[in-house]
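Reading through the structure tokens given below for one structure.
The values are calculated or read from the model by the stated rules, or taken from the named source; none is laboratory data. Here the structure is a predicted model, which means the values were calculated and not measured. Every residue, glycine among them, receives a Cβ derived from its backbone with ideal geometry; neighbour counts consider all protein chains shown. Just the protein is used for accessible areas: all its heavy atoms, side chains included, with ligands, DNA and RNA removed. Shrake-Rupley method; radii C 1.70, N 1.55, O 1.52, S 1.80 Å.
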Amino acid sequence: MAAILALRALTKSFGAITIARDLNLEIQEGEAVGILGPNGAGKTTILALMTGALRPDNGSIEYEGLDIRGMSVEERCRLGMARAFQIPQPFGGMTVFENVMVAARHGAGLNAKEAQAISLELLERSGLLPFANLAAGKLTLLNRKRLELTRALATKPKVLLLDEIAGGLSQLESEDLINLILQVKESGVTIVWIEHVLHALLSVVSRTLVLYQGNFIADGDPHKVLADPKVSEIYMGIEVDG
Amino acid sequence: MKSNSVSATRHSRTTHLALVFVGVCALVFASAPLWAGANILRLLTDFFLYLSLACLWNFLVGYAGLVSIGQQAFVGLGAYGLFTLSRYTGLNPLVSVLIASVVVAALSIPFAALLFRLKGAYFAISSWVLAEVLRLTAQFIPQIGGSSGMSLPIEAARALGAQPAVRFTTIYLAAFIALLMILSGIYFTLQSRTGLALTAIRDNELAARSNGVNANRTKLIVYVLTAFGTAATGGLIFLQRLRVTPDSAFSISDWTALVIFMVVIGGVGTFEGPIIGAVLFFLLRGTLADFGPFYMISLGAVAILIMIYNPRGLWGHVRDRWHLQLLPLNFRILSKQDS
């Protein structure tokens, strides 16, 4: 089976700091992959390289076997790569419904009628329907995160890139989000998820990578990866409660 | 709440009333040549043309976030296009205005290629520089009259009506139709997929692009549409004046500064704002114009007061305070029992 998303000999550095050094990664369709790594390891940068918000210094990124290096953020989104930002980025002046409509019309390329139907359906699934008429800038953190995810889903992604979507939420709060992500995973969407909240991550992903100093130092079954002495050394002090 | 028990709509009782009001206004103004004297027609013509410029500038700045202080470039190009075509082809001036506007819209694409490399204040300044370059260039082309400009050929003016009164009526109707087309053009763009993209870009460009919005293309569409409308308005302004010079056609104070004043006091980024601003400007001008320098000082004072106490403009304030929406531009989700 061909990989849906592949990084090939990817290199990216900011000045003296190397984020990726000859990085290779293949993600299969339908896989749910978690990326761990200490703060500042460059996990968000890896997502930004995948979506095109940043350009690699070297190497290539393939999506469905296609080299997408030259493509803009919006082109990649339309091909099916959606990103939920670590700090939610709502369109503050627009209503919650309109936020989702933007993604449905532009990201998924739906016509007005289809877009309205799918937006309402997704808002219902994420529990945001009661807030549909509220300006997105007025949402609470939990609801912003929900919106971030709902909007990403409205682009009809094949690959969903999640950046610390459970960060800053209580366990109870993140449960709804996790359930939604599990549903998305079951519908066949590939998931790449950066997360510090391990119990959230482990309830979804079946493969975990650890990014450290420009390389993936571990790759495989999440529990085995976390038990790896190299990983626990980097993650010293973090308890695995998943 | 279930998604199949709700529906999305843009309409409400307020928007229905507003549309009726707009219709009544349109009828009143369309019939103005039947009931209004020459002075009122001239004043209304002036008002429509300024209102067109204000709505266009607001479309560009308030919606696409392209803060231009060089829209006089397009006013001037539209005016010069009209006079040049009239001098060298003898076409009906209204046809010339249309042709000139299409040409200017095409010209705005290379302008955009140049200016879009710059952002924010740099974009603003360079849009002004571009207009200045055009003004200076016009001064050096003898075929279009150099720095002394040119007059509309008498036959061209006659084509609009042998008598001045008939001519004023023709120009009045042309200005009115142009305004209606500009307003509905903006309105339908805002209601469309592009309108959704524009508001998203205004709120957060990276997020908009990450959700599939082609930001550059959307901005280009607005830039070109605005150039087209501004050129047409410029043509009509100078059709009324019968004379054009580089300084008057590419004037930043007449075609951009006053327009900014109207939009800012009315409310940037709202459809209704520029309309309110233009009405207020014409009321102020009508009552204060006899006081000489005091007129400009009071305009400045009004602008400063509104900037300090109401940075969103008068309409922005009213809308936020009473959650009012006159035109059906934003969606409301209603549960089916309510509607």
| note | Computed from the beta carbon distance with a Förster radius of 41 Å, FRET efficiency for A:E173 and B:L288 to the nearest 0.05 stands at 0.10
| message | Going Cα to Cα from A:K230, which lysines come in below 25 Å? Please leave out same-chain ones fewer than 8 positions away. | response | A:K12, A:K43
| Inter-probe distance in nm under a simple model that places probes 7 Å from Cα toward Cβ, at B:Y295 and B:V133 | 3.5 nm
| said: Using the Karplus curve 6.51 cos²θ - 1.76 cosθ + 1.60 with θ = phi - 60°, what ³J(HN,Hα) values do you get for each residue of the stretch B:18-34, in whole Hz, with x for Gly and Pro? | reply: 5, 5, 4, 4, 4, x, 4, 4, 4, 5, 4, 6, 5, 8, 3, x, 7
| Around A:N58, which amide H atoms from residues at least 5 apart in sequence, or from another chain, sit under 5 Å from its own amide H, with H modelled in the peptide plane? | A:T11
| Which value, in Å², gives the accessible area per residue of the protein assembly as shown when a 1.4 Å probe is used on the protein heavy atoms? | 43 Å²
| request: Please compute the Cα-Cα pair-distance distribution of the stretch A:90-156 with 5 Å bins starting at 0, giving whole percents from short to long. | output: 4, 22, 35, 25, 12, 2, 0
| message | I'd like the orientation of helix B:72-89 relative to chain B: the angle between its Cα long axis and the longest Cα principal axis, in ° from 0 to 90, rounded to 10. | response | 40 degrees
| Under the Karplus relation 6.51 cos²θ - 1.76 cosθ + 1.60, θ = phi - 60°, what is the ordered set of whole-Hz ³J(HN,Hα) values for the stretch B:267-276, x standing for Gly and Pro? | x, 5, x, 10, 5, 7, x, x, 5, 4
| query | Along the stretch B:59-68, what does the Karplus equation 6.51 cos²θ - 1.76 cosθ + 1.60 (θ = phi - 60°) give for ³J(HN,Hα), rounded to whole Hz, x for Gly and Pro? | reply | 4, 6, 8, x, 10, 8, x, 8, 6, 9
| said: Kirkwood Rh and Cα-based Rg: tell me the resulting Rg over Rh for chain B, rounded to two decimals. | reply: 0.99
| In Å², rounded to the nearest 100, what is the total accessible surface buried by chains A and B against each other with a 1.4 Å probe? | 2800 Å²
| Cα gyration tensor shape for the stretch A:53-112, rounded if a/c is under 1.5, else prolate or oblate | oblate
| Based on Cβ point charges of +1 for Lys and Arg and -1 for Asp and Glu, what charge dipole magnitude is obtained for the stretch A:90-156 about its Cα centre, in debye rounded to the nearest 20? | 140 debye
| note | For chain B, averaging the sequence separation of alpha carbon pairs under 8 Å that lie six or more residues apart and dividing by its residue count, the contact order in percent is 33 percent
| note | Simple SL model, points at 7 angstrom along Cα→Cβ for B:D320 and A:H199; separation in nm is 4.1 nm
| query | Which of the peptides A:123-129, B:83-89, B:260-266 is most tightly packed, and how do the rest follow, going by the mean number of other Cβ atoms within 10 Å of each residue? | reply | B:260-266, A:123-129, B:83-89
| task | Compare each residue of the stretch A:108-136 in its chain alone against the assembly with all protein chains, and report those whose accessible area goes down by 40 Å² or more; 1.4 Å probe, heavy atoms. | result | A:Q116, A:L120, A:E124, A:L129, A:N133
| query | At a probe radius of 1.4 Å, what is the per-residue accessible area of B:T14, in Å² to the nearest 10? | reply | 50 Å²
| Tilt of helix B:293-309 relative to the longest C-alpha principal axis of chain B, in degrees (0 to 90, nearest 10)? | 20 degrees
| query | Accessible area, 1.4 Å probe, largest first: how do B:F238, B:F228, B:F291 sort? | reply | B:F291, B:F228, B:F238
| field | FRET efficiency, 1/(1 + (r/R0)^6) with R0 35 Å, evaluated for B:L118 and B:A303 via beta carbons | value | 0.85
| Dipole of the stretch A:90-156, positive direction: furthest Cα of A:G127, A:T140, A:T150, with charges on the beta-carbon | A:T140
| In the protein assembly as shown, what percent of the accessible surface is made up of carbon and sulfur (1.4 Å probe, ligands and nucleic acids excluded)? | 62 percent
| How large is the dipole of chain B about the Cα centre if only Lys and Arg carry +1 and Asp and Glu carry -1, each at its Cβ, rounded to the nearest 20 debye? | 720 debye
| Column: log10 I(q)/I(0), Debye, Cα scatterers of the stretch A:1-133, q = 0.09, 0.11, 0.17, 0.18 Å⁻¹ | -0.34, -0.50, -1.01, -1.07
| Label-point separation in nm, B:C25 to A:N24, each point 7 Å along Cα→Cβ | 6.7 nm
| query | Where nothing but the Cβ of Lys and Arg (+1) and of Asp and Glu (-1) is charged, how large is the charge dipole of the stretch B:253-339 around its Cα centre, in debye to the nearest 20? | reply | 300 debye
| query | When the Debye formula is applied to the Cα atoms of the stretch B:3-144, each taken as the same point scatterer, what base-10 log of I(q)/I(0) results at q = 0.20 Å⁻¹? | reply | -1.24
| Considering the Cα trace of the protein assembly as shown, what is its radius of gyration and what is Dmax, both in angstroms? | 28.5, 96
| Amide H to amide H under 5 Å from A:L36: which residues, 5+ apart in sequence or cross-chain, H placed 1.01 Å off N in plane? | A:L209, A:V210, A:L211
| field | Acute angle (nearest 10 degrees) that the helix A:141-154 long axis makes with the longest principal axis of chain A, alpha-carbon atoms | value | 90 degrees
| said: Using a Förster radius of 30 Å, what is the FRET efficiency between B:S151 and B:I40 based on their Cβ-Cβ separation? Nearest 0.05, please. | reply: 0.70
